[in-house]
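Q: I'd like to ask you about the structure that follows.
The values are calculated or read from the model by the stated rules, or taken from the named source; none is laboratory data. Not measured: the values here are computed from a predicted model. Here the Cβ positions follow ideal geometry from the backbone for every residue, glycine too, while neighbour counts run over all protein chains shown. These accessible areas exclude ligands, DNA and RNA; they are computed on the full protein's heavy atoms, side chains included. Shrake-Rupley method; radii C 1.70, N 1.55, O 1.52, S 1.80 Å.
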Amino acid sequence: MRCVIARFPFDLIKSEVEQSMSGIKPEPVTGLAVTINRRVYPVMQVGEVITRQSRRDFTVGEMRRALTRLGFTCHDAAAIAPTPAPAPAPGQDESVLGW
């Protein structure tokens, strides 16, 4: 698929993107994320690897559009972060019987 990222044309193929990311360790996700081969990567990390450009040269929106058109699932970091369990109310005993 042909797409323009940071004013440069790229011919991207889903299998080539998967292969490029196969040996890359995912960074911690703080913003928009993409799932590639059951691993969750920040969109900007994927963009940097597949375009070989600095992250300052392209936007999250450009990468999201390109990755979505290739068939990858993009989602917010909040969608993948586990929600913490609520803390017990003060004064409540953890055991049911109160011992």
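Q: Report yes if some residue within the range 14-37 is at pLDDT below 95 and at positive phi; otherwise report no.
A: Scanning the range 14-37, I find at least one residue that is at pLDDT below 95 and at positive phi, so the answer is yes.
Q: May I pose another question? Return the residue satisfying two criteria in turn: it lies in the range 43-70 and is among the hydroxyl-bearing types (Ser, Thr, Tyr) and under 13 Å from Ile5 (Cα atoms), and of such residues it is surrounded by the fewest Cβ atoms within 10 Å (Cβ to Cβ).
A: Applying the filter and picking the extreme gives Ser54.
Q: Now for a separate question. Write out, first by first residue and then by second, each pair whose Cβ atoms fall under 8 Å of each other, whose residues are 6+ apart or on separate chains, and whose first residue, in the range 13-28, is within 18 Å of Thr68 (Cα to Cα) while the second is surrounded by 10 or more Cβ atoms within 10 Å (Cβ to Cβ) and among the basic types (Lys, Arg).
A: That search, which allows pairs on different chains as well, returns Met21/Arg39.
Q: Pull up the range 29-57, narrow it to residues that are polar (S, T, N, Q) and under 17 Å from Leu70 (Cβ atoms), then point me to the one that is farthest from the chain's Cα centre (by Cα).
A: By that ranking, first place goes to Thr51.
Q: Given the criteria in a strand (DSSP E or B), open to solvent by less than 40 Å² (accessible area, probe 1.4 Å), in contact (Cβ under 8 Å) with a residue 12 or more places away in the chain and under 15 Å from Thr73 (Cα atoms), does Val40 qualify?
A: no
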